[in-house]
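Here the structure comes first, spelled out in structure tokens, and everything after it is commentary.
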Amino acid sequence: MKAIVNVTPQWGIGSEGRLLVRIHADMRRFRMLTSHNTIIIGRKTLGTFPNGAPLPNRDNIILTRDPMFTAGNALVCHDLSELSRAVSDRDPDTVYVCGGEQIYRLLLPYCDSALVTLTYTDAEADRFFPNLNLMPNWIITDAGEKQVEEETAFRFLTYTNTEPTRL
């Protein structure tokens, strides 16, 4: 599995249920990487999508503790064992963990890499991604050039987990 996330230098990912910044190049990259693949998200993150609906052209897996929750044609899992069964027959390189904060924290140990868009903004966040720079088993294996879009600077980074746990 891979985590995919847009973070600030303080590892902020959201505020009041919204992304901190929208960068067209980042959104295109997200669509390109996740389309025709599997995404894993939490119930709250699903609620931030257009019409609160699963994303098209992807297998959407919603991880929630709510036993009554349904989400159209998305698969709903209630714990790690259900999730493990749901992704067991999928190529791990086609499974993307897409948030929110609790889902990232829960599933990050099982990810072999994290595709990070580092956005140079000082936007205030109330939701955070774990700081991979402070985790000894996560190393930067690719750092793209700094880019600027509509006065917002960003770069794409790939972190690799040297000790992923099997789900």
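Readers should treat all values here as calculations from the given coordinates under stated rules, not as data from a laboratory. Model, not experiment: these values are computed from the prediction. Glycine gets a Cβ as well: all are built from the backbone with ideal geometry, and neighbour counts include every protein chain shown.
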Study note, to complete from the structure: Amide H proximity to CYS111 below 5 Å, modelled H, separation 5+ or other chain, gives THR165
Exercise for review: Can you check what the net charge comes to around PRO164, using other residues whose Cβ is under 14 Å from the Cβ of PRO164 (Lys, Arg +1; Asp, Glu -1)?
Suggested key: -1
**Study point:** Taking THR70, THR38 and counting other C-beta atoms within 10 Å, the order from fewest to most
**Key:** THR70, THR38
Revision key, fill the gap. Helix-only [θ] at 222 nm, the chain, -39500 (n - 2.57) per DSSP H run of 4+, per residue, nearest 500, equals -5000 deg cm²/dmol
Point to revise | 12 Å beta-carbon shell around ARG43, net charge (K/R +1, D/E -1) | key: +1
Point to revise | Residues with amide H under 5 Å from that of CYS77, placed H, sequence gap 5 or more | key: ILE62, LEU63, THR64
Point to revise | Beta bridges per DSSP with both ends in the chain, % antiparallel, nearest 5 | key: 50 percent
Review point. Using the Karplus equation 6.51 cos²θ - 1.76 cosθ + 1.60 (θ = phi - 60°), what ³J(HN,Hα) coupling, rounded to whole Hz, does each residue of region 152-167 give in order, writing x for Gly and Pro?
Key: 10, 8, 7, 8, 8, 10, 10, 9, 10, 8, 7, 9, x, 9, 6, 7
Review point. Once phi is turned into ³J(HN,Hα) by the Karplus curve 6.51 cos²θ - 1.76 cosθ + 1.60 with θ = phi - 60°, what whole-Hz value does each residue of region 140-147 show in order, with x for glycine and proline?
Key: 6, 10, 7, 10, x, 5, 5, 10
Check your understanding: Considering the dipole of region 1-137 built from charges on the beta carbon (Lys and Arg +1, Asp and Glu -1) around the Cα centre, which of ALA114, ALA71, VAL5 is farthest to its positive end?
Key -> ALA71
Practice item. List, in order, the whole-Hz ³J(HN,Hα) value for each residue of region 57-67 obtained from phi through the Karplus relation with A = 6.51, B = -1.76, C = 1.60 and θ = phi - 60°; use x for Gly and Pro. Key: 6, 9, 8, 8, 10, 9, 9, 8, 8, 6, x
Review point. Quick one: putting +1 on the C-beta of Lys and Arg, -1 on the C-beta of Asp and Glu, what dipole do you get for region 15-167 around its Cα centre, in Debye to the nearest 20?
Key: 300 debye
Study note, to complete from the structure: In nanometres, the difference between 0.36 nm per residue of separation and the alpha-carbon distance of GLU145 and SER35 is 37.2 nm
Practice item. Just check region 99-149 against the gyration tensor rule for me: Cα atoms, a ≥ b ≥ c as the square roots of the eigenvalues, rounded for a/c under 1.5, and otherwise prolate or oblate depending on whether a/b exceeds b/c. Key: oblate
